[in-house]
Amino acid sequence: MSVSSADHGDRRTVTVVVAIQAAISLGYFSAMAHLVVHLKEDLGAATGLIGLVLSLRNLVQHTLSLPVGALVDVLDPARAGTLACLLRAAGFALLGAVSSPSGLVVAAVLLGTGGALFHPAAQSLLAGVAERRRARGYAAYTMTLQAMAVLGPAVGLALLNIGYWLVALTAAGLWILAACLFPLVRNGPRVPSEDGAAAGVRTALRNRFFMWFVAVSMPTMLLTDQASVVVPLGGAEPRAVTLFTCVLATVSAAVQPWCAAGTRAERFGVLRAGLLCAGGGYLLLAAGAGDRLAGLVAAAVLHGIAGGLLQPAVFQTVVRLAPSAHYGTHLGVRAFFSGLLAFAGGIAVSRLFEYGPRGATMAMTALAVAACASAAVTRCLSSREADAGRRAPVS
């Protein structure tokens, strides 16, 4: 394949993946931004059931990420992505049609299974393009996500006036549209994984420095997921939740171009700064700042900065550390461990909220402590990378 045709293929891959991101993110955020309110107000679900549904989706998604990420390396990411979108479409359709705990659990499982397939498939396609396009491609990918995270809750709020069933049905339709876009990706030559999926998992688990990075970055998923959960659980009305979500996403989208440019996101100082901002956001909420508009906006800004820094920092570092034949496997291994922590942490946070304001304060304080502790440990990564014989990043 000539350089020009390879470059054209990379451009097409990035364009299609970004278009897919726009469709699925609009559907996801329009439905998920108002899910807690739907479960709490429309269905009268207990806080424990709400936490179970949200955390079960995370558990299924990220537990399956390890085997699914490995399979993406030996199969076709475009086909895996198509299947992922269809599964999530079914999950969102079911979410708007059922009211029983068992139905909600099935919907959560479908959403989690679809997510387990989608993320390694889409990100493996981006990881496989030429390095000079990868950073810009991932920046466009994450900026599109954040832009839809701003638009999605507003679209969902407008549709919510008719009923959550319409919000969920719209989300399902957008995921079906994304399923139709995946076949348009024109895959370039793939580096074969000669020993199969299991060998890729063993390679990742035996990479000591990579596993140290996984351990240090594990809380990032819990911290970013719970930011949009604790505000509605704390009793905020739908308009306040929408404001918080939109401000958070707007700030993240503004930070993404700076962070994703070049090799900046590979610096462990960026990961540390993101963790500290997340910790600061939870401390503000724990102090009661969310009861006032200015405090809620300030917390959203800190969480937005955190998301804008953490997402590209984790992706670019995983891609840098992973062999080219095992991108999906390494993404899956990292998501697997992060998902387990996000599941356990999500259940714990929801249970603490059942004890009223004191429990809510304890939950958000614990999240802030976890963020700051992980930020402190990131200082060990540079020295460990040097010991492992790798290029030491600038931090």
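Values quoted throughout were computed directly from the atomic coordinates according to the rules given, and no laboratory measurement underlies them. No experiment lies behind these values; they were computed from the predicted model shown. FYI the Cβ positions are ideal-geometry reconstructions off the backbone, even for glycines, and counts take in every protein chain you see.
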Any hit, the stretch 62-69, residues being of a type in the set (V, I, T) and more than 12 Å from F343 (Cβ to Cβ): yes
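Look through the stretch 200-251, keep the residues that are in a helix (DSSP H, G or I) and small (G, A, S), and return whichever of them is surrounded by the fewest Cβ atoms within 10 Å (Cβ to Cβ).
Kept after step one, since they are in a helix (DSSP H, G or I), are these residues of the stretch 200-251: 200-206, 208-217, 219-233, 238-251.
Narrowing the set further to residues that are small (G, A, S) leaves 200, 204, 215, 217, 227-228, 240, 249.
Numbers: G200: 27, A204: 26, A215: 14, S217: 25, A227: 24, S228: 23, A240: 17, A249: 28.
Of everything passing the filter in the stretch 200-251, A215 is surrounded by the fewest Cβ atoms within 10 Å (Cβ to Cβ).
One line per residue, one yes/no per condition, for (1) among the hydroxyl-bearing types (S, T, Y); (2) out of contact with any helix residue (DSSP H, G or I) (no Cβ under 8 Å at 6 or more places or on another chain); (3) within 24 Å of G307 (Cβ to Cβ); (4) not in a loop (DSSP other than H, G, I, E, B):
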position	(1), (2), (3), (4)
L86	no, no, no, yes
V106	no, no, no, yes
L110	no, no, no, yes
L117	no, no, yes, yes
S124	yes, no, yes, yes
V155	no, no, yes, yes
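Would you mention how many residues in the stretch 353-365 are in contact (Cβ under 8 Å) with a residue 12 or more places away in the chain and assigned to a helix (DSSP H, G or I)?
First pass over the stretch 353-365, keeping only residues in contact (Cβ under 8 Å) with a residue 12 or more places away in the chain: 353-354, 360-361, 363-365.
After this cut, where a residue has to be assigned to a helix (DSSP H, G or I) as well, the list is 353, 360-361, 363-365.
Count: 6.
Tally the residues that are of a type in the set (D, E, K, R) and without any contact (Cβ under 8 Å) to a residue 24 or more places away in the chain, restricting the search to the stretch 18-70.
Step one: of the stretch 18-70, the residues of a type in the set (D, E, K, R) are 40-42, 57.
Remaining after also requiring without any contact (Cβ under 8 Å) to a residue 24 or more places away in the chain: 41.
Result for the stretch 18-70: 1.
Which residues, counting only those in the stretch 25-51, are farther than 15 Å from Y164 by Cβ and surrounded by fewer than 22 Cβ atoms within 10 Å (Cβ to Cβ)?
Across the stretch 25-51, the qualifying residues are A46, T47, G48, L49.
So that you can scan it fast, the table gives a plain yes or no per residue for (1) surrounded by 21 or more Cβ atoms within 10 Å (Cβ to Cβ); (2) of a type in the set (S, T, N, Q):
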position	(1), (2)
R136	no, no
L145	yes, no
G152	yes, no
G163	no, no
V167	yes, no
T170	no, yes
Output for Cβ contacts, cut-off 7 Å, separation at least six or different chains, first residue acidic (D, E) in the stretch 299-315, second crowded, with 24+ Cβ neighbours inside 10 Å, reads none
Has the stretch 345-352 got any residue that is in contact (Cβ under 8 Å) with a residue 60 or more places away in the chain, closer than 14 Å to V214 by Cβ and surrounded by 23 or more Cβ atoms within 10 Å (Cβ to Cβ)? no
